[in-house]
Amino acid sequence: MRSRSLPILALVLLVATACSSARVVNEWRNPEYAAPEFRRIMVVGVSKQPSIRRKFEDAFVARLKQDGMDAVPSYLYIAEDGPVAEARLQEDPFGFYPWYTAAWVGYYEPPRVYERDVYISETSLYDLRKNRLVWSGTVKTDAPGNIDKAIKQYVKTIVKALERDGVLAGA
């Protein structure tokens, strides 16, 4: 793939959780940012568990494509699991290293045995051409359950919020 066709946007999931319900409890939209039209979206899932990262990225890409958007999972470009060194990311002309590393700041991997009923995660949307944060939302999830269903619900919740706020155009 040539560098000019690389993604201009990244969606970042800070904590992948195995929960069956999701709702946006806090969100922010950049007031200076007028109706962007993204050509391509790169979905970046942040998790030390490769299977969760890939499932999340695949589900998010499928949902965005369902709405007619061009989207790609980051694991096609960043195959490494866990945080990636700046030198590695600068080998290719992605231009999103500052946003990628910010997703790992304060990151923690939840334990495999969940004792809490509530999980908090964050999704952020960046325009890499203008080098700015466009939208950020905090999602509250509870009732642990099937990870595949949880990811689909999470993706549906985020895409619905992005479309409602006029950040992404719906189908």
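Values quoted throughout were computed directly from the atomic coordinates according to the rules given, and no laboratory measurement underlies them. Bear in mind that the values here come from a model prediction, so they are computed numbers and not experimental data. A quick note on method: Cβ atoms are made from the backbone with ideal geometry, for glycine too, and the neighbour counts reach across all protein chains shown.
Brief remarks on what is shown
- Within region 23-68, tally of residues that are assigned to a helix (DSSP H, G or I), hydrophobic (A, V, I, L, M, F, W, C) and crowded, with 20+ Cβ neighbours inside 10 Å: 6
- Positions within region 63-88 being touching a residue at least 24 places away in the same chain (Cβ under 8 Å) and of a type in the set (Gly, Ala, Ser), in sequence order: GLY68, ALA71, SER74, GLY82
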